[in-house]
Amino acid sequence: MGPSGGTNAPECVCLTEVKARRAGGGGTIRVVCQPLRVCFAAVSQHRDIPMNASIRIDLRECGELPAHTYAFYQLRTLREGQIAELIAPDEPSLTLDAVSLNLRHRIHWEVIEQGPPLWRVQVQPRADTEATSLMDLLQRDHERVDRLFGSILARVNAGDLAGVAPDMEALSLALRRHIRTENELLAPAFVAPRDPFGSDPTSTMFREHEEILQQLTYLESAFAEGPPAASEIAPFFALLSGQLAKHEGREELNLFPLWARALRAAGPEAEATLVARVRASLAGDADDLAVARTLSPTDG
Ligand SMILES: [Fe+2]
Ligand SMILES: [Fe+2]
């Protein structure tokens with residue numbers, strides 16, 4: 001893997017397309033440098049490379065393909081309930097991090113036997129494993145809320161407002177629990193830097209929670225006396241959906257890394273304790289506080 005040909009190549013390039021063409025026996029071999037994400041997409045569409053459904057993956061058999069591309073191609077078909085064993089002749093962290101990134105973190109991997117000469121790695125769908133870190137737990141909850149939103153938007157767009165009601169109830173509960181957990185449990189647990197202009201990650205989080213709750217309250221009230229008209233409510237769902245996506249992105253990029261750093265300093269026991277409390281809170285152990293009243297931010 002490496003840049004070639006003097007193009008404005010991105011820092012992460014791959015020659016897989018060339019090798020895939022060669023494996024397919026077709027025409028001219030030329031060097032193509034492209035972003036790794038594009039490379040994965042190109043190979044995944046290359047139908048001449050046989051689909052291997054085996055859940056034993058040996059990176060020594062990757063042939064001319066780069067190890068990460070070979071592993072991606074095998075692991076992209078991993079389904080819930082399956083476990084893959086991967087054999088690697090080199091330390092596999094970088095390879096599996098790249099694969100995980102390109103599978104949008106749908107896999108969880110763990111080295112079960114350290115090399116050299118060989119590393120054995122167990123790979124599972126992330127959905128089959130329990131979150132062990134605070135960041136993973138919060139990101140999974142973001143994804144859960146996003147899935148509910150996706151289901152609601154699909155129904156709203158189809159004009160099925162009666163079908164939206166149960167998802168709306170679930171979304172409302174999930175979002176209020178999530179915000180309560182971040183406002184009242186996590187923010188006070190971490191001393192993060194604040195600035196007088198309110199542009200620090202913690203102040204931004206509180207402010208955006210307020211805005212999200214206002215939008216959510218409006219939507220809840222719109223459903224209070226039966227399903228509203230789709231044309232009337234659709235723009236408000238679209239607004240909240242966009243607001244939420246930006247909010248989650250900002251938390252994951254700006255705030256959660258601060259919390260993760262503080263947790264690393266506190267040690268694994270502290271994180272395990274906090275993860276257990278957050279899991280219980282997201283599951284609703286404090287619903288009497290969280291759902292019965294409008295949440296207001298606290299100055300951690
Ligand atoms: Fe949040
Ligand atoms: Fe969040």
- Looking for whichever is over 20 Å from the mean Cα position of the chain (by Cα), over 21 Å from residue 111 (Cβ atoms), among the aliphatic types (A, V, I, L, M) and modelled with pLDDT of 50 or more here; the options are 86, 59, 65. Which one fits? 65
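Would you point out which residue out of 148, 175, 186 is more than 26 Å from residue 273 (Cα to Cα) and within 16 Å of ligand 1 (Cβ to nearest atom)?
Details: 175 fails: more than 26 Å from residue 273 (Cα to Cα); 186 fails: more than 26 Å from residue 273 (Cα to Cα).
Residue meeting the stated conditions: 148.
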- Note on the structure: (1) more than 16 Å from ligand 1 (Cβ to nearest atom); (2) under 22 Å from residue 137 (Cβ atoms); (3) surrounded by 19 or more Cβ atoms within 10 Å (Cβ to Cβ) all hold for residue 219 apart from (2)
- Task: Go over the candidates 262, 276 one by one and state the one that is surrounded by fewer than 13 Cβ atoms within 10 Å (Cβ to Cβ), hydrophobic (A, V, I, L, M, F, W, C) and away from ligand 1 (no atom under 13 Å from the Cβ).
- Result: 276
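Out of 138, 185, which single residue is more than 11 Å from ligand 2 (Cβ to nearest atom), at pLDDT 90 or above and closer than 15 Å to residue 259 by Cβ?
Numbers: 138 fails: more than 11 Å from ligand 2 (Cβ to nearest atom).
None of the others qualify; the one that does is 185.
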- Query: When you go through (1) within 28 Å of residue 81 (Cβ to Cβ); (2) at pLDDT 90 or above; (3) over 21 Å from the mean Cα position of the chain (by Cα) one by one for residue 216, which number turns out not to apply?
  - Reply: (1)
- Subset of segment 56-77, residues over 21 Å from residue 124 (Cβ atoms), of a type in the set (A, V, I, L, M, F, W, C) and touching a Pro at 6+ places or on another chain (Cβ under 9 Å), comes to none
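Would you say residue 256 is more than 16 Å from ligand 2 (Cβ to nearest atom) and modelled with pLDDT of 90 or more? Spell out how you get there, then give the answer.
Numbers: more than 16 Å from ligand 2 (Cβ to nearest atom): no; modelled with pLDDT of 90 or more: yes.
No: the conditions fail for residue 256.
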- Extreme residue, farthest from residue 267 (Cα to Cα), among residues of segment 113-169 that are polar (S, T, N, Q) and out of contact with any strand residue (DSSP E or B) (no Cβ under 8 Å at 6 or more places or on another chain): 157
- Could you list, in sequence order, all residues of segment 198-211 that are modelled with pLDDT of 95 or more and either touching a Pro at 6+ places or on another chain (Cβ under 7 Å) or outside any helix (DSSP H, G or I) (or both)? 206, 209, 210
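Say whether the condition of being assigned to a helix (DSSP H, G or I) and either in the same structural domain as residue 275 (by TED's automatic domain parsing) or crowded, with 20+ Cβ neighbours inside 10 Å (or both) is met by at least one residue in segment 108-115.
Of all residues in segment 108-115, those assigned to a helix (DSSP H, G or I) come to none.
No, that holds for no residue.
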- Message: Take the conditions within 14 Å of ligand 1 (Cβ to nearest atom) and surrounded by 15 or more Cβ atoms within 10 Å (Cβ to Cβ) and apply them to residue 244. Does it pass?
- Response: yes
- Given the conditions (1) more than 16 Å from ligand 2 (Cβ to nearest atom); (2) of a type in the set (Ser, Thr, Tyr); (3) within 30 Å of residue 266 (Cβ to Cβ), report the number of the one that residue 203 does not fulfil. (1)
- Could you grab me the full set of residues in segment 141-182 that are within 16 Å of residue 240 (Cα to Cα), of a type in the set (Lys, Arg) and within 16 Å of ligand 2 (Cβ to nearest atom)? 144, 147, 176
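The values are calculated or read from the model by the stated rules, or taken from the named source; none is laboratory data. Since we're looking at a predicted model, the values are computed, not measured. Cβ coordinates were reconstructed from backbone atoms using ideal geometry, including for glycine residues, and neighbour counts include every protein chain displayed.
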